[in-house]
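For reference, the structure discussed in these notes is given below.
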Amino acid sequence: MEVMDEMLEDVIKHREICFRGPHAEGRQAQAAALVLSDVLGVTQVRPLDADRLAVSYDIRQVNLEALENLLAEMGFHLDNSLMTKMRRALWYYCDSCQQARLGCSRGSRNCTQAVFVNTYRQRPHGCRDPRPEHWRKYL
């Protein structure tokens, strides 16, 4: 039983995401927590203060790079100080190595691309045609 608990702890990662700079939302960490709470693979998200966010995720389903890319794509301003960049690079490397070891490769069902696809489908945008499929070819 202890071996299973250790294996589960090994795939659940606990990281911190830091924000910096002006943003439309006064408290970026709280707004980002709302975005990340719906992402598949994220087990826990909680703002530590206005500019820091604690996130726990299952490495088999998502990695930190995908989460931060999602936040950056949505307009959040991530901290890019030298120390944060170095820590981020180390975490990205560790996550990618562990995902490769576990067999999560690009194109597989549990790949991190699913995060972007799921978020894109849920966001309102002008790329959806509200007409039924059979009407689209006639109009």
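For the reader, a short list of remarks on this structure follows.
- Long-range neighbours under 7 Å by Cβ, at least six apart or interchain, first residue of a type in the set (Phe, Trp, Tyr) within segment 39-64, second assigned to a loop (DSSP other than H, G, I, E, B): Tyr57/Gly41
Listed here are the residues, each with its yes/no results for (1) at pLDDT 85 or above; (2) not small (Gly, Ala, Ser).
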| position | (1), (2) |
| --- | --- |
| Met86 | yes, yes |
| Ala89 | yes, no |
| Cys94 | yes, yes |
| Gln99 | yes, yes |
| Gly103 | no, no |
| Cys111 | no, yes |
| Cys127 | no, yes |
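- From the list Gln99, Gln44, the one residue that fits, being more than 13 Å from the chain's Cα centre (by Cα), within 14 Å of Lys13 (Cα to Cα) and not β-branched (Val, Ile, Thr), is Gln99.
- Test result for Asp38, among the acidic types (Asp, Glu), surrounded by fewer than 19 Cβ atoms within 10 Å (Cβ to Cβ), assigned to a loop (DSSP other than H, G, I, E, B) and modelled with pLDDT under 90: yes
- Pair list, Cβ < 8 Å and 6+ apart or interchain, from segment 74-96 residues that are in contact (Cβ under 8 Å) with a residue 24 or more places away in the chain to residues that are surrounded by 15 or more Cβ atoms within 10 Å (Cβ to Cβ) and aromatic (Phe, Trp, Tyr): Phe76/Phe19; His77/Phe19; Leu78/Phe19; Asp79/Phe19
- Apart from one condition, Met86 fits all of (1) part of a helix (DSSP H, G or I); (2) surrounded by 15 or more Cβ atoms within 10 Å (Cβ to Cβ); the exception is (2).
- If the condition is being of a type in the set (A, V, I, L, M), surrounded by fewer than 19 Cβ atoms within 10 Å (Cβ to Cβ) and outside any loop (DSSP other than H, G, I, E, B), then segment 41-72 contributes Leu48, Ala54, Ala72.
The values are calculated or read from the model by the stated rules, or taken from the named source; none is laboratory data. Only a predicted model underlies this, so the values are computations on that prediction, with no experimental measurement involved. Neighbour counts are summed over all protein chains in view; Cβ atoms, including those assigned to glycine, are modelled from backbone coordinates with ideal geometry.
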